[in-house]
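Written below as structure tokens is the structure these notes are about.
The values are calculated or read from the model by the stated rules, or taken from the named source; none is laboratory data. Small disclaimer: the values here were computed from a predicted structure and weren't measured. Virtual Cβ from ideal backbone geometry, glycine too; neighbours counted across all protein chains shown. With ligands, DNA and RNA removed, areas are computed over all heavy atoms of the protein, side chains included. Shrake-Rupley method; radii C 1.70, N 1.55, O 1.52, S 1.80 Å.
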Amino acid sequence: MSTNPTRIRWIDPVGHDDFSDDIEALLNETKREKTEVEVVNLDRGPHHVEYHYYESLVLPDVLHHVKEAENDGVDATVVGCFYDLGLEEAREVSESMPVMGPAQATTHLASTMGDTFSVIVGRRKWIPQMRSTIARYGFDDRLASFCPVDLGVLDFQADPEQTRERLTEAARGAIEEDHAEIIILGCTAEYGFHETLQDELGVPVLDAVVAPFKFAELQAELASLGWSHSKIGGYESPRPEEIYDWDVPQDFSTRGVWDGSPSGY
């Protein structure tokens, strides 16, 4: 077994670093001893991705960050948005480095911990896309409810006491009225509250930062067995000769993440 440290890179798909220090500290508290935490954000773009338009704007930069991470020798990455923004596309551009998203990680973990789960979200706007994502993962019959707390992404950390109260009230309602056995905090900006809620409510509360990171640590270990995303179907990579014939790197990448050779990435 390798004695080298395991490098996990958290990619925050927004054009600011307001949460980066908090997330890095949280991940360093929960990581394995030999894991190295790396937190990066985009150099430009919107400060949240609550809208499809914003998602579309940041997607190229997110994908090039993923490819850059693989080129840098990172062992696994997390794209830090509960929409699982660009997750399928990221697995296309990554040849073998595992890529994880918060929704996939939390719903899969929740399915091993109880029969039903509820997702506490910021705004009603988020629910249709998240519902479709959870159905695609095969867990629509385990989803007890979505519970909005009328807070946007940038509101969660602005007044922590108000956020804690709203999250607690919503989660208690999900447990008592919707019969949820597991609570998922459905935004990475909801970090820092899961332990308090868990102690008060008496059920597992899955944090959307910690869960995908721990999943990525496991994926990095499994990759040493050759277990990563399959490349013969939906995650097949684009053909390098097309990329270079069409000057795709020059058109869409400003980060120098392609190696300049049409023979590979």
- request: Could you figure out which of (1) out of contact with any helix residue (DSSP H, G or I) (no Cβ under 8 Å at 6 or more places or on another chain); (2) in a loop (DSSP other than H, G, I, E, B) isn't true of residue 237?
  value: (1)
message: Which pairs turn up if I take residues in region 109-134 that are without any contact (Cβ under 8 Å) to a residue 40 or more places away in the chain and look for partners that are basic (Lys, Arg) with beta carbon separation below 9 Å, at least 6 apart in sequence or on another chain?
response: 111/142; 134/142
field: Output for region 193-209, where each listed residue is open to solvent by 10 Å² or more (accessible area, probe 1.4 Å) and under 21 Å from residue 126 (Cα atoms)
entry: 193, 194, 206
query: Which residues, counting only those in region 101-134, are over 17 Å from the mean Cα position of the chain (by Cα), more than 24 Å from residue 8 (Cβ to Cβ) and not in a loop (DSSP other than H, G, I, E, B)?
result: 117, 118, 124, 125, 128
query: Out of (1) touching a Ser or Thr at 6+ places or on another chain (Cβ under 6 Å); (2) of a type outside the set (Lys, Arg); (3) assigned to a helix (DSSP H, G or I), what's the single condition that is false for residue 228?
result: (3)
query: Can you tell me which residue in region 96-107 is most open to solvent (accessible area, probe 1.4 Å), limited to those that are under 24 Å from residue 149 (Cβ atoms) and not aliphatic (A, V, I, L, M)?
result: 104
statement: Within region 48-95, the count of residues that are outside any helix (DSSP H, G or I), among the charged types (D, E, K, R), farther than 27 Å from residue 126 by Cα and open to solvent by less than 30 Å² (accessible area, probe 1.4 Å) comes to 0
task: Give me a count of the residues in region 22-47 that are assigned to a loop (DSSP other than H, G, I, E, B) and either of a type in the set (Lys, Arg) or open to solvent by less than 40 Å² (accessible area, probe 1.4 Å) (or both).
output: 6
